[in-house]
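The values are calculated or read from the model by the stated rules, or taken from the named source; none is laboratory data. Every value quoted in this text rests on a predicted model; they were computed, and no experiment measured them. When we count neighbours, we look across all protein chains shown, and the Cβ atoms used for this are built from the backbone with ideal geometry, even at glycine. Ligands, DNA and RNA are stripped out before the accessible areas are found, and what is left, the full protein with its side chains, is counted by its heavy atoms. Shrake-Rupley method; radii C 1.70, N 1.55, O 1.52, S 1.80 Å.
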Amino acid sequence: MGVAKSLFVVALGVGWFLMAAEPARKPAAPAPPARPSLVPISVVVRPIALAQHELQVELTLPAEAVKEGAVAAMAAWTPGSYLIRDYARFVDRVEARAGKGEAYAPEKLDKQRWRIRASKQAVTLSYRLFANELSVRTNHADQDHAFLTGAAAFPCLEGQPRRPYDVRFEDFPADWTVATALPLQAGASGPVYRAANFDTLVDSPFELGRLRVRTWESMGARFEFAFQGAHNGDEARIAAAAQKLVEAAGGLFGGFPFDRYVFLLTFSPKAGGGLEHRNSTALLGDPFMFDKADGYHRLYGLISHEFFHVWNVKRMRDPALGPFDYARETPTRLLWFHEGFTDYMDNLLALRAGVIPWSFVAKEWAQRWTDHAQRPGRKEQSVSEASFDAWIRHYKPTEFSANSTIGYYDTGSLVALMMDAKLRQGSGGKAGLPELFALLWQRVGDGGLTDAAIRDAYRELSGLDPAPFWRDFVDGRGELDPTAIQQVAGLRFEAKAPWELLSPEDQKDPDAVRRAKAWTGLVFAPRGNGADAPVIQNVLPDSPAYRAGLSYGAEILAVDGWRTPNATEVQRRLADAFPGKAEVLLQERGRVRLVSLEVLENPARTFRIVPDPAATDAQKEAFRAWTGQAFPSVPTLLVRPRDPGDQPVPEGDHGPSARGPK
């Protein structure tokens, strides 16, 4: 969208800053009635002790905002991450002062609200902010950088959510710079970052540090990609891929609904995940993730995912998701669409942009299909139910979660895969899920999106009644069905038993095959980082272990008289007993008992997605039209077989392990 904008550099105490015009929004909405302009809240952030992660935040509340008193409230959660986090727990030393009067401690009303006394003068509200949780939805500051997200850093005045905020940073290292989507403009005390209201402040995180910024122009919009932290990757390669990804998305929707967009990518060991914002995104990555090409592919999927949220959830959204009530949960039944379908589209757009290969995506989708098929919770919860219960179940997993829940990210992405195929099948290849999103954008734009609107778009594009699909896969708990995918794109979903995943040599060994068939329904924690304890993590419903009365937390001491110091030894000794029974000595809550455990043939299957050797030319062309890539000529590699000690568990904030948590 070709909107004129000015670009210049301004010097402040924290370094050099970039200014761009206020982002435009599309589709355009009628201008609201003019309101009297509100005096902004002025915010200054200063370091107290970066090494100790302590910051000082000072807000100047204008006299018009406090003339009758006011209540300052910290948010309890942040949009995009559906868990009450109680950000006020990071705030202390709260102090208020009217004009040059005496400082006082505001009355604390509850866990996150403070009463400010009525004043005819501006009131300064200050507090210490502890910033030592490095994630995309909390604050972190140290000698190398500072990341601040609005919900976790700044309060709102109750009843005044429309009041603007002017934010500036003082006394940080002179060679640090700031990256944020907020525009820089003149303020009463010098240049400031202006947030039009509290929602905008929450939706515009800040990254400070010795940033390396790459910029480009695409389709009339300016993009900035800010890197923070050392890593072993190629930043030019990452930025070039990001440009292809945004252009693939922009092409789908006919342009961008903003003038400027900012990517904030911070590297830290074992970090990962992303959180979407209206005109920016916060990303985390491991500095050593680029040892192999798959590290780039995972990052590209994350970039694609968070950027697609520009349309799906940040603008087209369930009416429950904005304006927000930051004090309490805001449930929605549409996270399967807002997150799960975004999780599908991120891979599809990355395929079309040519930045990831089909083999990577096929392996990832096959692993998700496998995880879902092996997860008992698929029989207990639908994706719409999983969406609604995100606040209390998805983000608060227990040892029982695998047996009682599914993830609206992974399972939602598989529902999207099936819906895309149904759309293509019903429309004779004229429309798929990308066209459904484009149609919804045309109709809804920056506004409320309902389940009924999605159904209507499905009906219009496919010519099919949406009721059966919703009954089976959205509101119901039907088994996933790859039939339409196979018929449309010439693919096959192959299900392999554990013994079929053995090496060719081992498959010739009858004893190796026999042992690979052993199954009891016991699940131990995945091995890694030295963890291989013989402690039960889960017991699959209706399995031999379930019927024998084994349960979570029990420690397996021995099998058939043989000491089992770790989970690997437990599984090996149980395999010795197949087919038949094993005597298991276990310890639970300090008491030891002996259990007879039946060892049966493993019913689990691992899936892979491979090209059908008999695929027709029409199917091959449909595959190319769908993915933007040539029909694969060789079978895709098998997904990693799940060890008997592994069990899918609820995803983190962002879901798929390839992405990391929000």
Could you name every one of the helices (runs of 4 or more DSSP H) located completely within segment 378-485 that has at least 1 residues being in contact (Cβ under 8 Å) with a residue 40 or more places away in the chain, within 29 Å of Q367 (Cβ to Cβ) and touching a Lys or Arg at 6+ places or on another chain (Cβ under 7 Å)? 383-388, 401-404, 410-426, 451-462
Among residues of segment 239-258, those that are out of contact with any Gly (no Cβ under 8 Å at 6 or more places or on another chain), open to solvent by less than 10 Å² (accessible area, probe 1.4 Å) and either part of a loop (DSSP other than H, G, I, E, B) or at pLDDT below 95 (or both), counted: 2
If you go through segment 273-286 one residue at a time, do you hit one that is of a type outside the set (D, E, K, R), open to solvent by 10 Å² or more (accessible area, probe 1.4 Å) and either under 27 Å from F172 (Cβ atoms) or touching a strand residue (DSSP E or B) at 6+ places or on another chain (Cβ under 6 Å) (or both)? yes
Every listed condition ((1) touching a helix residue (DSSP H, G or I) at 6+ places or on another chain (Cβ under 7 Å); (2) open to solvent by 50 Å² or more (accessible area, probe 1.4 Å); (3) not charged (D, E, K, R)) holds for P397 save (1)
Being loosely packed, with under 15 Cβ neighbours inside 10 Å and either in contact (Cβ under 8 Å) with a residue 24 or more places away in the chain or under 9 Å from A497 (Cβ atoms) (or both) is the filter here, so list the residues in segment 590-600 that pass it. V592, S596
Considering residues that are buried (at least 16 other Cβ atoms within 10 Å of the Cβ) and assigned to a loop (DSSP other than H, G, I, E, B), the number found within segment 498-524 is 4
Among the residues of segment 420-436, what is the count of those that are out of contact with any Leu (no Cβ under 7 Å at 6 or more places or on another chain) and either among the aromatic types (F, W, Y) or open to solvent by less than 60 Å² (accessible area, probe 1.4 Å) (or both)? 3
Criterion: of a type in the set (A, V, I, L, M), assigned to a loop (DSSP other than H, G, I, E, B) and either surrounded by 24 or more Cβ atoms within 10 Å (Cβ to Cβ) or under 22 Å from the mean Cα position of the chain (by Cα) (or both) - qualifying residue of A174, A146, A181, A152: A181
Considering (1) under 25 Å from G377 (Cα atoms); (2) crowded, with 16+ Cβ neighbours inside 10 Å, say which one R527 fails and leave the rest. (2)
List pairs: first residue in segment 293-314 and part of a loop (DSSP other than H, G, I, E, B), second residue basic (K, R) anywhere in the structure, Cβ distance under 8 angstrom, at least six positions apart or on different chains. V310/R278; K314/R278
Segment 530-577, residues that are part of a strand (DSSP E or B), open to solvent by 40 Å² or more (accessible area, probe 1.4 Å) and free of Cβ contacts under 8 Å to residues at least 40 places away in the same chain: A531, V535, E555, W562, R563
Please give the number of the condition E621 fails out of (1) out of contact with any Phe, Trp or Tyr (no Cβ under 6 Å at 6 or more places or on another chain); (2) open to solvent by less than 40 Å² (accessible area, probe 1.4 Å). (2)
Return the residues of segment 353-368 that are buried (at least 21 other Cβ atoms within 10 Å of the Cβ) and over 16 Å from P611 (Cβ atoms); say none if nothing qualifies. A353, V355, I356, E364, Q367, R368
When the residues of segment 456-497 are filtered to those that are among the hydroxyl-bearing types (S, T, Y) and open to solvent by less than 50 Å² (accessible area, probe 1.4 Å), which remaining residue is nearest to R333 (Cα to Cα)? Y458
Is one or more of the residues making up segment 305-324 of a type in the set (D, E), within 29 Å of D86 (Cα to Cα) and open to solvent by less than 10 Å² (accessible area, probe 1.4 Å)? yes
